[in-house]
Amino acid sequence: MSELLEEIVTQPGELAACCAELAACTHFGFDTEFVGEDTYHPSLCLVQVATPERLFLIDPLTTGPLDAFWQLVVDPARVVVVHAGREEVRLCRLWTGRTPGNLFDLQLAAGLTGLAYPLGYGPLVHQVIGVQMSKGETLTEWRQRPLTSGQIRYAFDDVRYLLPVWQRIAARLEEWGRADWAREEFARLAVNASPEEPATEKWRKLRGLGSLDRRRLAVVRALYNWREQTAGRTNRPTRSIVRDDLIVEIARRNPTRERDLQVVRGLPRRDLEAIIQTVTEARSLPIEDCPSVFGREQDPTQVTLVSNVLTSVLGDLCARRGLAANLVASGTDVKLLV
């Protein structure tokens, strides 16, 4: 493997030159470093890019807007290689309103070519091209400047092997006749990773819904969607607005005035008026527009037995055909089939 030139891009003029070089490429790989604990939208701190000849570290804190780079990512004229690229897709959608035009996700493709899914970047590199990587900067503070030599080395290494691995896995997809399968999975990733993905039905994953009736479930749904919209508009973490357990507690109490919520421990006071308004609107819905109560019936013994048998059969079939079984069907999928 030939040595790649390395360049750190910190100025607007350097960014323009970098983008001009990328525009001439038919493919490039990229990764991002971001911090997402304190905001709803992740704060982009670094973009790492790999071409066949060069590695770039782009510092968005000093280069100015990355519009020219993101336009290259959404252009279907070139393949954009990522690994576990959900956040990269979300950032692209956040800044351009579009998803990558010709995405190739190594983690998904690996699961279609005889490797496990999901497989981390280091293990994937080791299994495909035999290189052992160090992951010493995983929890580093990427907002701090200047970057340390360790951070810089880690960031370059995070994209150094993207294209060699891509070449091997893409060739295997073609050889096995699974390139179309991979494109379907990449398209699904682009849709599911969208930050504008509707929150409908995600609220059903909250704990404690089993004892709530339809009208209280309508309150949970309305509060969940209000929280997502508020977090996105104000760029605040959802937990700082209303915690999951408090959404369910508010629905259980079914408050009619702010005073009813002042006794709820851990509920920030700044949004009480908006919460009451949301609860009131949800409570006024016609009963037919309220969510259905999902029963919690115990599966019959036969269903569990047959599901276990089919899961074993699926695992054996996938192992013999070089597929990650959890990319084919989940345990819930098998149970629904039964």
Zero-based 5 Å bins, Cα pair distances in the range 222-338, whole percents:
2, 9, 15, 14, 9, 8, 9, 10, 11, 8, 4, 1, 0
For the range 286-338 versus the range 71-86, the gap between their alpha-carbon centres in whole angstrom:
33
Mind listing the long-range amide H neighbours of F34? Cut-off is under 5 Å, sequence gap 5 or more, other chains count too, H placed in the peptide plane at 1.01 Å from N.
C45
HN-Hα couplings for the range 77-87 via Karplus (6.51, -1.76, 1.60; θ = phi - 60°), in whole Hz with x for Gly/Pro, come out as 5, 9, 7, 10, 9, 9, 10, 6, x, 4, 5
Accessible surface of the chain, 1.4 Å probe, proportion on carbon and sulfur as whole %:
51
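What Kirkwood Rh does the chain have if only Cα atoms enter the pairwise 1/r average? Answer in Å. Don't skip to the answer; put the middle values down first.
On the way: mean 1/r = 0.0434 Å⁻¹.
About 23.0 Å, per the Kirkwood formula over Cα pairs.
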Relative contact order for the range 30-102: what is it in percent, counting Cα pairs under 8 Å that are at least 6 residues apart?
26
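Using the alpha carbon gyration tensor of the range 95-153, what are the three equivalent-ellipsoid semi-axes (square root of 5 times each eigenvalue), largest first, in whole Å?
On the way: eigenvalues 135, 87, 16 Å².
Gyration-tensor ellipsoid for the range 95-153: 26, 21, 9 Å.
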Largest-first principal axis extents of the Cα set of the range 69-184 (Å)
47, 37, 20
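What is the Rg over Rh value, at two decimals, for the range 29-125, using alpha-carbon atoms and the Kirkwood definition of Rh? All intermediate terms of the calculation are to be shown ahead of the outcome.
On the way: Rg = 13.8 Å, Rh = 14.3 Å.
Checking Rg against Rh, the ratio lands at 0.97.
Give me the 1.4 Å probe accessible area per residue for the range 1-116, excluding ligands and nucleic acids, in Å². Please list the in-between numbers first.
Numbers: 4480 Å² over 116 residues.
On a per-residue basis, the range 1-116 sits at 39 Å².
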Over the chain: helical MRE at 222 nm, DSSP H runs n ≥ 4 each giving -39500 (n - 2.57), nearest 500:
-15000 deg cm²/dmol
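So with the 1.4 Å probe, I'd like the accessible area per residue for the range 173-293, rounded to whole Å². Mind dumping the intermediate values first?
On the way: 7000 Å² over 121 residues.
Accessible surface, normalised per residue, equals 58 Å².
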Once amide H atoms are placed 1.01 Å from N in the peptide plane, what residues at a sequence separation of 5 or more from L261, or on another chain, have their amide H within under 5 Å of its amide H?
none
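The values are calculated or read from the model by the stated rules, or taken from the named source; none is laboratory data. Keep in mind that this is a model prediction, so the values were computed, not measured. Heavy atoms of the whole protein, side chains included, go into the accessibility calculation; ligands, DNA and RNA do not. Shrake-Rupley method; radii C 1.70, N 1.55, O 1.52, S 1.80 Å.
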